[in-house]
């Protein structure tokens, strides 16, 4: 089994449920609208149930008081086969998350093998494993050159190729745009993609490697159409309310499962990938 893999069956997954107290700070964290705390808790409970139904052990993370973004458990760390690297988020209000998550993972027997240091910044949403020896990283407002350089220094001695891409300006530094806002792997040879924001070199890599794409229509981008979690090869968990993206994935042979993310996904710009951090796959 390797965690340096984005599409094998999920066996263990880390999540952090939302709390009413944390969600109260939604304006400070640039959420689009005020989340309903009760509905958010219900959505997250259903997300957990869906993950368990897929065969995953669900691990609940410790709270990060006052930080509504902490429910996006994918961002504070990078998982590797050797252990976890604690990142340094570009969003200042999230900088307490990596150490909390690191302590949780150490309690599970997963060692911390590295800690990113300022001035480097990086968030998990800007990176994913294309294959066990290739890590893709988006360089944008949340992940900077120094952060990418630190990850290269940690990973390249172990034979990992770290490939960086510039991300689009989109709506500016105040809004969240991650690499995984517009690409999610579905299988070794398939990804769901919003092409309008994709780096040219990344599109070329997909083509050279024979990775087909399922295109997300423009009207389903803001509703997290491109942020999809692979529960296994060609088994996807998506936010409900993106019918055309779902139809196109199913036409490509993907089994699509959905959950309502109106409160915890759409309002805070975080789909099912953002809400989860796979700890074991295979």
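The values are calculated or read from the model by the stated rules, or taken from the named source; none is laboratory data. Predicted model, so just to flag it, every value in this text is computed and none were measured. Cβ placement follows ideal geometry from the backbone for every residue including glycine, while neighbour counts extend to all protein chains displayed.
Can you spot a residue in the range 183-193 that is surrounded by fewer than 19 Cβ atoms within 10 Å (Cβ to Cβ) and out of contact with any helix residue (DSSP H, G or I) (no Cβ under 7 Å at 6 or more places or on another chain)? Yes, because at least one residue in the range 183-193 is surrounded by fewer than 19 Cβ atoms within 10 Å (Cβ to Cβ) and out of contact with any helix residue (DSSP H, G or I) (no Cβ under 7 Å at 6 or more places or on another chain). In the range 141-169, of all residues being over 20 Å from residue 118 (Cβ atoms) and in contact with a helix residue (DSSP H, G or I) (Cβ under 7 Å, 6 or more places away or on another chain), the one that is surrounded by the fewest Cβ atoms within 10 Å (Cβ to Cβ) corresponds to 168. Residues in the range 167-192 that are farther than 19 Å from residue 75 by Cβ and either under 11 Å from the mean Cα position of the chain (by Cα) or at pLDDT 95 or above (or both): 186, 187, 188, 189, 190, 191, 192. Any idea which residue in the range 204-217 is nearest to residue 133 (Cα to Cα), counting only those that are surrounded by fewer than 16 Cβ atoms within 10 Å (Cβ to Cβ) and touching a helix residue (DSSP H, G or I) at 6+ places or on another chain (Cβ under 7 Å)? Ranking the candidates gives 215 first. May I ask you to verify whether residue 97 is buried (at least 23 other Cβ atoms within 10 Å of the Cβ) and free of Cβ contacts under 8 Å to residues at least 60 places away in the same chain? Taking the combined requirement at face value, the residue satisfies it.
Taking the stated definitions as given, is residue 76 surrounded by 18 or more Cβ atoms within 10 Å (Cβ to Cβ) and closer than 26 Å to residue 25 by Cβ? Answer is yes for this residue. Residue 263 passes every criterion in (1) in a helix (DSSP H, G or I); (2) in contact with a strand residue (DSSP E or B) (Cβ under 6 Å, 6 or more places away or on another chain); (3) closer than 17 Å to residue 32 by Cα apart from (2). Contact map, the range 244-264: residues that are in contact (Cβ under 8 Å) with a residue 12 or more places away in the chain and on the phi > 0 side of the Ramachandran plot paired with residues that are surrounded by fewer than 21 Cβ atoms within 10 Å (Cβ to Cβ) and assigned to a loop (DSSP other than H, G, I, E, B), Cβ distance under 8 Å, separation 6+ or inter-chain. Pairs shown: 253/234.
Residues of the range 240-255 include at least one that is at pLDDT 95 or above, surrounded by fewer than 24 Cβ atoms within 10 Å (Cβ to Cβ) and part of a strand (DSSP E or B).
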